[in-house]
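Structure, as structure tokens:
The values are calculated or read from the model by the stated rules, or taken from the named source; none is laboratory data. Everything numeric in this text was worked out from a predicted model, so none of it was measured. Here the Cβ positions follow ideal geometry from the backbone for every residue, glycine too, while neighbour counts run over all protein chains shown.
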Amino acid sequence: MLRLINNHAFTSEAIIKTYLVIPDIHVPYHCPKFIKLSNKIIKEINPDGLIQCGDFVDAFQISTYSKDPGRKNFLVDDINDFKQILNEWARNLKTGANIHLLEGNHEVRLSKYVASHCRDLHGLVPDWPTLLGLDLRNKASRHKWHWHSYHKWNSCQIGDCTIMHGFYYNQHCAATILNKYRTNTISGHTHRVQYIMDGQHYAISLGHGSNENETAHQPTPTGWEQAMALLHVDNQGKSSVDILRVKNGRTVLYGKAISV
């Protein structure tokens, strides 16, 4: 039996791994409907794993941008909220699923803040894997948890696809990444949905899953779009991607409308 994914034909026996890829969500400015939809998709397709592309927290409290005094919550509260989202994803994923968490430029704010404001505390402030309890999760849970540093762009390799947070921000981000890396890539960071191919490789900018009105720095139209992706990898390591555009908690999955 043949299955067509992004115009690439796989036999049903060849499709051995499918991952749900989640872009930037920027807790506490995540879109609740987006998170609910991600869990509904997990239940629908029973993927082999999940990849979150970074910027899982906004970390505005330690940003160099001007801070709105009306934002009163602490970073620890946002981390705890994200841990609850992780717990929900994990509950819905099957036993043995691989969960990959990427560090984004917003998470890097923590090490930068320590270096700039309290360097004497270097080594005392926990890193992100510790804050998220990944060692404990690997010991106690039925899943395999993986952490990928922001500075190691090719750390998260699934088949012939590299999933990264992303370093470039422009109107043609997917083309920029393809020209730079010349390999199959999925990235977050830009909050734009773009897909480009050169005949051999593809580059995808995956959008976001946040509340645009709260994460945008300027009160102007952004061109941003919510999206997720399904990354399929066959037993030869060849990958193909389905982009799931999301609007108001709704997407289309294999021709079927799904909403929350």
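Yes/no matrix, rows are residues, columns are (1) of a type outside the set (A, V, I, L, M, F, W, C); (2) crowded, with 22+ Cβ neighbours inside 10 Å:
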site	(1), (2)
Ile45	no, no
Asn73	yes, no
Val76	no, no
Ala90	no, no
Leu93	no, yes
Gly96	yes, no
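Yes or no, residue by residue, for (1) over 20 Å from Lys36 (Cα atoms); (2) over 15 Å from the mean Cα position of the chain (by Cα); (3) surrounded by fewer than 20 Cβ atoms within 10 Å (Cβ to Cβ):
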| position | (1), (2), (3) |
| --- | --- |
| His189 | yes, no, no |
| Gly199 | yes, yes, yes |
| Ile204 | yes, no, no |
| His208 | no, no, no |
| Ala216 | yes, yes, yes |
| Gly223 | yes, yes, yes |
| Met228 | no, no, no |
| Leu231 | no, no, no |
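Pick out the one residue from Ala174, Ala216 that is closer than 23 Å to Ser63 by Cα and among the aliphatic types (A, V, I, L, M). Walk me through how you get there before you give the answer.
Numbers: Ala174 fails: closer than 23 Å to Ser63 by Cα.
Criteria check complete, one pass: Ala216.
Within region 193-206, can you find the residues that are of a type outside the set (A, V, I, L, M) and either at pLDDT below 95 or within 12 Å of Cys161 (Cα to Cα) (or both)?
Hits for region 193-206 are Asp198, Gly199, Gln200, His201, Tyr202.
For the list (1) hydrophobic (A, V, I, L, M, F, W, C); (2) at pLDDT 95 or above; (3) closer than 18 Å to Pro23 by Cα, I need the number of the one condition that Leu131 fails.
Every listed condition holds for Leu131 apart from (3).
Residue by residue, here is whether (1) in a strand (DSSP E or B); (2) in contact (Cβ under 8 Å) with a residue 40 or more places away in the chain; (3) out of contact with any strand residue (DSSP E or B) (no Cβ under 8 Å at 6 or more places or on another chain); (4) more than 21 Å from Tyr65 (Cβ to Cβ) holds:
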{"site": "Asn179", "(1), (2), (3), (4)": "no, no, yes, yes"}
{"site": "Gln218", "(1), (2), (3), (4)": "no, no, yes, no"}
{"site": "His232", "(1), (2), (3), (4)": "yes, yes, no, yes"}
{"site": "Val241", "(1), (2), (3), (4)": "yes, yes, no, yes"}
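Name the strands (runs of 3 or more DSSP E) wholly within region 129-174 that hold at least 3 residues that are free of Cβ contacts under 8 Å to residues at least 60 places away in the same chain?
It comes to 144-148.
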